[in-house]
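To keep things clear, I will list the structure first and then write my remarks on it.
The values are calculated or read from the model by the stated rules, or taken from the named source; none is laboratory data. In this text the structure is predicted, and so the values were computed from the model without any measurement. Glycine gets a Cβ as well: all are built from the backbone with ideal geometry, and neighbour counts include every protein chain shown. Remember, those area values only see protein heavy atoms, side chains included, never the ligands or the DNA or RNA. Shrake-Rupley method; radii C 1.70, N 1.55, O 1.52, S 1.80 Å.
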Amino acid sequence: MKGIVFTEFLDLVEDKFGLEMVDKIIAQSELESEGIYTSVGTYEFSEMLQLLKNLSANTNISIDDLLLVYAEHFFSVLKISYPDLIATYKDPIEMLASIENHIHVEVRKIYPDAELPTFNVLEKTENSLTMIYKSSRAMHHFGLGLMNKTFEHFSATATIVIEKIKEDGTEVKFIINKN
């Protein structure tokens, strides 16, 4: 997993819960990196999972809810870092439908070894989108948070339903209807 995901996560934890919480969740985890991350480095997903589990245990906030909040934070990072990419789109449905064939292609140019989830579009209309998310990391709530912020970015709202195809969350269907 790319280091930017870790550095931004720890920034969010510090902003929301304080530096003491950052130190606490790092100390409670068994991290090969010892909790020292660079945005361009690559780290094991197991480290993110430990940090999330420990933050959840210390805050009584579910991992899914933490991933939602983190994704909302991360979208603002993407807006600042890649404004031209986001400016390519004029509509949230259009942007979300292009995750696999455009956005992830651009991400791989910057981070060739990035392990990204896949998004397969099943059906797309002007106001709806159905797609399948697949990832061994089962971070679909991170995807949900990014989708929510995508609609907010375009001053729009949507109803987004998640249907688990695999119980462990490694494959889910997103059903998105623009309001």
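For the structure I just gave you, tell me whether Ile61 is surrounded by 15 or more Cβ atoms within 10 Å (Cβ to Cβ) and either modelled with pLDDT under 95 or not in a helix (DSSP H, G or I) (or both).
Values: surrounded by 15 or more Cβ atoms within 10 Å (Cβ to Cβ): yes; either modelled with pLDDT under 95 or not in a helix (DSSP H, G or I) (or both): yes.
When the stated conditions are applied, Ile61 passes them.
Restricting attention to the range 37-84, report how many residues are outside the structural domain of Asp168 (by TED's automatic domain parsing) and among the basic types (Lys, Arg).
So the answer is 1.
Could you pull out the residue among Leu31, Leu66 that is aliphatic (A, V, I, L, M), crowded, with 18+ Cβ neighbours inside 10 Å and part of a loop (DSSP other than H, G, I, E, B)?
Working: Leu66 fails: part of a loop (DSSP other than H, G, I, E, B).
Going through Leu31, Leu66 in turn, just one is aliphatic (A, V, I, L, M), crowded, with 18+ Cβ neighbours inside 10 Å and part of a loop (DSSP other than H, G, I, E, B): Leu31.
Give me the pairs, please: first residue somewhere in the range 65-93 and closer than 24 Å to Ile175 by Cβ and among the small types (Gly, Ala, Ser), second residue anywhere and open to solvent by less than 20 Å² (accessible area, probe 1.4 Å) and at pLDDT below 90, beta-carbon distance under 7 Å, and either six or more positions apart or on two chains.
From the range 65-93, no pairs qualify.
Checking Val107 against (1) under 22 Å from Ile63 (Cα atoms); (2) in contact with a Leu (Cβ under 7 Å, 6 or more places away or on another chain); (3) free of Cβ contacts under 8 Å to residues at least 24 places away in the same chain, which test does it fail?
Only one criterion in (1) under 22 Å from Ile63 (Cα atoms); (2) in contact with a Leu (Cβ under 7 Å, 6 or more places away or on another chain); (3) free of Cβ contacts under 8 Å to residues at least 24 places away in the same chain is unmet by Val107, namely (1).
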